[in-house]
Amino acid sequence: MRRLASLKDTRAYFLSVAIFAALFIGCGHAPAEPPGSVTFLIETMPANLDPRIGTDARSAQLTSLLFSGLLERDAAMNVRGDLADHWETPDPKTYIFHLHDGVKFSDGRPLTSADVKFTFQSILNGIPGAAGITQSPKRGAFRVVQSIDAPDAQTIIFHLSEPNASFAWSLVRSAVGIVPAGSGADFAQHPVGSGPFRFVSSLQDEEVIFERNDRYFRGASQIQRVKFRVVPEAVVRALELRKGTADVELNSFTPDMIPVLAQQSDLAVSEEPGTLFSYISFNCEDPTLAHREVRQALTYATDRATLVRTLIRNQAHVAPGPLPPNNWAYEPNVPQYEFDPAKAEALLDQAGFPRQGDPHTGTRFTITMKSSTDALARLLGEVLQDEWKRIGVQLDLRPLEFATFYADITKGNFQLYTLRWVGANNDPDFFEYAFGSHKIPPAGANRGRYRNAKLDALIDQARVEPDREKRSLTIFPICRCGSRTIFPSIAAALEIFYWGPEETTIS
């Protein structure tokens with residue numbers, strides 16, 4: 001499986017790939033744009049270019065080009081300064097950031113602590129607009145922020161209600177970019193940031209265009225203009241690359257297409273280890289899926305090893321959990337849900353869902369899985385249809401245009417859906433963000449509406465412990481799924497599916 005971003009730092013990824021693509025312009029095919037321009041092919045539009053609102057992977061990637069954050073991550077997943085020149089934590093509940101001098105937004109306005117304060121206060125209190133207040137889906141990440149001070153133009157101070165070991169991770173540019181003070185709910189239509197590029201235009205379901213921000217405080221990019229063209233069909237994207245009307249593809253091809261394209265002399269393929277986590281989510285408020293045994297049964301009925309070997313062409317690994325193997329909190333020694341259809345059938349009987357009619361071929365119930373129109377998601381659905389039919393479960397597939405799909409899963413309007421985590425699962429704080437009882441949208445990303453008081457208690461312990469070694473004593477039990485009270489309900493509901501270790505860029 002391949003990520004949508006091929007470097008750990010999203011900004012570095014886009015800039016590096018852009019430069020890489022520019023080097024290949026003229027090597028076997030004509031440039032799609034004038035010199036200094038790069039055309040990327042993407043399969044869907046970003047949902048929202050306001051960094052306070054957009055939470056999908058495409059929005060995070062594109063806004064990382066437009067906006068700077070207080071902090072950013074390096075390639076080793078360490079937090080370092082971005083807008084913050086340096087910072088200190090005089091006590092576990094106080095963070096003091098000192099901004100770089102002379103930073104400007106792309107329209108020439110100076111960026112000060114007032115903009116930083118406004119950004120986070122609007123996330124916490126709501127974003128004003130003509131139609132009322134829009135609540136940010138990211139506000140749950142900052143619920144421990146008690147107050148924010150801006151004693152001078154270059155200093156911003158966060159006062160927390162309690163220690164939070166992952167607070168710095170919530171401030172990286174891929175999580176929240178800083179917007180100008182006063183930005184309203186319509187900001188996504190004309191976003192203005194301080195990142196390496198500035199917004200030019202956007203045409204729904206067709207293209208998004210950025211140009212170089214000559215005021216960028218770290219120096220202007222080598223790339224003058226970047227066009228993101230929306231091409232939903234993978235075959236069409238491949239043809240565009242081959243005929244030279246586009247320069248770079250962002251890891252959106254199916255695994256069987258990569259070897260074929262790699263044989264083309266005028267195309268270059270690069271791969272790197274990645275951390276993408278592909279998953280299936282259960283709606284735990286659904287009357288059928290609320291049964292732990294049903295979620296377990298569907299997991300046992302899924303032959304993930306064969307799926308990775310055939311559908312993914314061995315370009316992924318079955319995931320023991322959502323944290324990537326290079327994470328300090330990764331725990332590989334967890335109970336595995338091996339392929340076991342007989343056990344799946346027994347669990348469904350136990351849950352009160354016998355086969356109707358014929359005891360060997362009858363249907364137990366029908367459920368629906370929503371997905372984007374991504375080719376791999378459709379193929380996955382067809383595989384699951386076949387595997388789950390063997391245990392008496394009929395799976396209906398409903399692929400949707402991405403904006404509609406994402407709105408549905410955020411509202412809880414689904415039984416099952418399949419999607420991919422890109423980046424958010426790189427810190428143990430992910431468990432709270434995705435499974436904490438108080439992180440149901442719009443407060444977080446617990447779209448499956450999973451609730452478990454004991455899991456919440458473990459998460460709370462991990463959140464307030466600043467010492468990594470001591471924190472691991474709480475994180476590891478969560479990863480190991482060691483408690484029958486919390487797991488194996490979570491082991492099935494955690495959407496454990498597969499890792500995509502190889503990230504591919506084609507230009």
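Between the amide H of residue 318 and those of 499, distances stay under 5 Å, these residues lying 5 or more places away or on another chain, with hydrogens modeled in the peptide plane.
Estimated from the Cβ-Cβ distance and a Förster radius of 35 angstrom, the FRET efficiency linking residue 333 and residue 360 is about 0.40. Each residue of region 123-136 was assigned a 3J(HN,Hα) from its phi angle through the Karplus expression (A = 6.51, B = -1.76, C = 1.60, θ = phi - 60°), giving 5, 6, 9, x, 9, x, x, 4, 8, x, 9, 9, 8, 6 Hz with x at Gly and Pro. Roll a 1.4 angstrom probe over the protein heavy atoms and tell me the percent of accessible area of region 105-184 that is carbon or sulfur. Of the solvent-accessible surface of region 105-184, carbon and sulfur hold 52 percent. In this label model, residue 242 and residue 404 are separated by 3.1 nm, measuring between points 7 Å along each Cα→Cβ vector.
The Cα atoms of region 266-420 give a gyration tensor whose axes a ≥ b ≥ c have a/c of 1.5 or more with a/b greater than b/c, which makes the shape prolate. For residue 206 and residue 468, a Förster radius of 60 Å and the Cβ-Cβ distance give a FRET efficiency of 0.85, rounded to the nearest 0.05.
In region 100-250, Cα pairs under 8 Å separated by at least six residues give a relative contact order of 22 percent. Among the GluC sites (Glu not before Pro) in region 176-267, those placed in a DSSP loop whose Cβ has at most 14 other Cβ atoms within 10 Å are 206, 233. Taking all protein chains into account, the per residue accessible area for region 231-323 stands at 37 Å² (1.4 Å probe).
Given their separation in residues at 0.36 nm each and the Cα-Cα distance between them, residue 385 and residue 147 gain 80.7 nm when the chain is fully extended.
When peptides 463-475, 184-196 are ranked by their average number of other Cβ atoms within 10 Å per residue, the highest-first order is 184-196, 463-475. Here region 271-313 is scanned for amide nitrogen atoms under 11 Å from the site 7 Å beyond the Cα of residue 451 along Cα-to-Cβ, giving 285. Straightening the chain between residue 270 and residue 154 buys 37.7 nm, computed as 0.36 nm per residue apart minus the Cα-Cα spacing.
Dipole size of region 263-378 about its Cα centre, with +1 on Lys/Arg Cβ and -1 on Asp/Glu Cβ: approximately 200 debye, rounded to the nearest 20. Taken about its Cα centre, region 313-414 carries a charge dipole of roughly 160 debye when the Cβ of each Lys and Arg holds +1 and the Cβ of each Asp and Glu holds -1. In this Cβ point-charge picture (+1 for Lys and Arg, -1 for Asp and Glu), region 145-243 has a dipole of about 600 debye about its Cα centre. Does region 87-172 classify as rounded, prolate or oblate by the C-alpha gyration tensor (a ≥ b ≥ c root eigenvalues; a/c under 1.5 gives rounded; else a/b over b/c gives prolate, otherwise oblate)? Note, shape of region 87-172 comes out oblate.
Per-residue packing, averaged as other Cβ atoms within 10 Å, sorts the ranges 43-54, 367-378 into the order 43-54, 367-378, beginning with the highest. For residue 169, the accessible surface of its heavy atoms amounts to roughly 50 Å² (probe 1.4 Å, protein chains only, rounded to the nearest 10).
Take the solvent-accessible surface of the protein heavy atoms, probe 1.4 Å, and return the percent of it on region 252-362 that carbon and sulfur atoms account for.
Carbon plus sulfur share of accessible area: 50 percent.
In the context of the full protein assembly, residue 237 retains an accessible surface of approximately 0 Å², using a probe radius of 1.4 Å and ignoring ligands and nucleic acids. Using the Cβ-Cβ distance between residue 342 and residue 130 with R0 set to 60 Å, the FRET efficiency from 1/(1 + (r/R0)^6) comes to roughly 0.55.
The values are calculated or read from the model by the stated rules, or taken from the named source; none is laboratory data. Keep in mind that what you see is a predicted model, and the values were worked out from it rather than measured. Note that each Cβ is placed from the backbone with ideal geometry, even for glycine, and that neighbours are counted across all protein chains shown. SASA here: full protein model, heavy atoms, side chains in, ligands and nucleic acids out. Shrake-Rupley method; radii C 1.70, N 1.55, O 1.52, S 1.80 Å.
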